[in-house]
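Here is the structure we will look at, set down as structure tokens.
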Amino acid sequence: MPETTWRGPITSKAVGIGVATAAYALSFGAISVASGLDVWQTQTLSLLMFTGASQFAMVGIIGAGGGLLAAVLTAWLLGARNSIYALSMAPLHRVRGPKRLAAAQLTIDETTAMALAHNEDESHSRYAFWITGVTLFVLWNIGTLLGAVGAAALGDPAALGLDAAMPAAMMALLWPRLVDRTMWAVALVAAALALVLTPVLRPGLPVLAAALVALVASALLGRRSA
Amino acid sequence: MWIAVIAASLGCYVEKLAGYLLPHSVLENAALRRVAGLLPVALLAALVAVQTFGVGQSLTIDARAAGLAVAILALIARAPFLVVVISAALTAALLRMLGWAS
């Protein structure tokens, strides 16, 4: 197939994902500033961290008065799945040097999903990864800047309902993962545990404790399948 | 704050890079794959709960709970991300403006 035939549909899909992601970025920028980070710190997260759930979690915990250490640890734990994505993307990027370093930064949910969706041919898969990654990186950062500058100009976060935007954004990230009863059970137990621990632990720690639910559930599932 | 921002960002980058440097066979470890799939679910669910009902170290039901309920309805209706977030924020803002919730 000539390149022009297969590249078109992949590119338009990538732009579609990019535009939707810019919307996430707008809310991230706004919520981050409402949580007490300045515009530069917010932008640094989008440039350097570039993994949505970790960014939302980090500013969420800081905004709730949690310790910085808990915020950092939660961001790391949420970013751990990118290691698995990178492992499955590694055969696609056998190049060394700067290009591989760039590929690593762009290895997130959306780019991995796009590359896997077009794995009928390695060149298609690679193109899907890069076009989605670059589009997303640019729009994610523009969206963050607009959201952060906009929120900094707007004023009182609670009057605007920005504190309610945070759990809604998290819920929107969680929703597509609730695909079966196991996921629902893990989500409900983790939520309940975090609420029970809220009065006894410093803000941020109850969320970290909920990570244990994932470990226990994984062990139980492993025993059942063994 | 800057130290936390940089440390968290670098850590997340190292996690991505590690996947390219580790041998591919690590992927065959079923337990690791399972934990990686379950971690985001547990952490995101906990974050939703705490950020909806938590105020520091106490729990409360306020306008955020109504916002979350509206967000869930929007998700069931397959609304796009921005609609979900804005409808939750508007719900909370409106309830506070009317004085029906804090």
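Of the residues in the range A:102-119, not one is assigned to a helix (DSSP H, G or I), among the polar types (S, T, N, Q) and within 22 Å of B:ALA46 (Cα to Cα). Can you pull out every residue in the range A:196-226 that is at the interface with chain B (Cβ under 7 Å from one of its Cβ atoms) and over 21 Å from A:TRP184 (Cβ atoms)? If the condition is that a residue be at the interface with chain B (Cβ under 7 Å from one of its Cβ atoms) and over 21 Å from A:TRP184 (Cβ atoms), then A:THR198, A:PRO199, A:PRO203 are the ones that fit. Of all residues in the range A:77-121, those that are charged (D, E, K, R), in contact with a Leu (Cβ under 7 Å, 6 or more places away or on another chain) and modelled with pLDDT of 90 or more total 0.
Among the residues making up the range B:55-99, those that are under 15 Å from A:ALA168 (Cβ atoms) and of a type in the set (Ser, Thr, Tyr) are B:SER87, B:THR91. Checking each residue in the range A:171-211 for being free of Cβ contacts under 8 Å to residues at least 12 places away in the same chain and farther than 19 Å from B:ARG64 by Cα picks out A:PRO176, A:ARG177, A:LEU178, A:VAL179, A:ASP180, A:ARG181, A:MET183, A:TRP184, A:VAL200, A:LEU201. Residues in the range A:203-226 that are small (Gly, Ala, Ser) and not in a helix (DSSP H, G or I) were compared, and the one that is surrounded by the fewest Cβ atoms within 10 Å (Cβ to Cβ) is A:ALA226.
Within the range A:77-118, the set of residues being free of Cβ contacts under 8 Å to residues at least 40 places away in the same chain, more than 26 Å from A:VAL19 (Cβ to Cβ) and hydrophobic (A, V, I, L, M, F, W, C) comprises A:ALA80, A:ILE84, A:LEU87, A:ALA90, A:VAL95, A:LEU101.
Looking at A:ALA192, A:ALA148, A:ALA209, A:ALA128, which is the one that is in contact with a Leu (Cβ under 7 Å, 6 or more places away or on another chain) and at pLDDT 90 or above?
Result: A:ALA209 is the single residue among A:ALA192, A:ALA148, A:ALA209, A:ALA128 that is in contact with a Leu (Cβ under 7 Å, 6 or more places away or on another chain) and at pLDDT 90 or above.
Inspect all residues belonging to the range A:103-120 and state whether any of them is within 11 Å of chain B (Cβ to nearest Cβ) and at positive phi. Scanning the range A:103-120, I find no residue that is within 11 Å of chain B (Cβ to nearest Cβ) and at positive phi, so the answer is no. When A:VAL138 is tested against the conditions (1) facing chain B (nearest Cβ under 8 Å); (2) modelled with pLDDT of 90 or more, the lone failure is (1). Screening A:ASP163 against (1) assigned to a loop (DSSP other than H, G, I, E, B); (2) within 7 Å of chain B (Cβ to nearest Cβ); (3) charged (D, E, K, R) leaves a single unmet condition, (1). Out of B:ALA74, B:ALA93, B:ALA63, which single residue is small (Gly, Ala, Ser), buried (at least 18 other Cβ atoms within 10 Å of the Cβ), closer than 20 Å to B:ALA45 by Cα and within 7 Å of chain A (Cβ to nearest Cβ)? B:ALA63 is the lone residue from the list that is small (Gly, Ala, Ser), buried (at least 18 other Cβ atoms within 10 Å of the Cβ), closer than 20 Å to B:ALA45 by Cα and within 7 Å of chain A (Cβ to nearest Cβ).
Residues that are buried (at least 17 other Cβ atoms within 10 Å of the Cβ) and under 21 Å from the mean Cα position of the chain (by Cα) within the range A:178-202 comprise A:LEU178, A:MET183, A:VAL186, A:ALA187, A:ALA190, A:ALA191, A:ALA194, listed in sequence order.
Would it be correct to say that A:GLY161 is among the small types (Gly, Ala, Ser) and under 30 Å from B:MET97 (Cβ atoms)?
Numbers: among the small types (Gly, Ala, Ser): yes; under 30 Å from B:MET97 (Cβ atoms): yes.
So A:GLY161 passes the test.
For the range B:35-67, the set of residues classified as in contact (Cβ under 8 Å) with a residue 24 or more places away in the chain and of a type in the set (A, V, I, L, M) consists of B:ALA63, B:ALA66, listed by residue number.
Quick check, is A:GLY143 in contact with a Gly (Cβ under 9 Å, 6 or more places away or on another chain), within 11 Å of chain B (Cβ to nearest Cβ) and not hydrophobic (A, V, I, L, M, F, W, C)?
So A:GLY143 fits the description; yes.
The values are calculated or read from the model by the stated rules, or taken from the named source; none is laboratory data. Just so you know, these numbers come straight off a predicted model, no measurement behind them. Methodologically, a virtual Cβ is constructed for each residue, glycine included, from the backbone with ideal geometry; neighbour enumeration extends over all protein chains shown.
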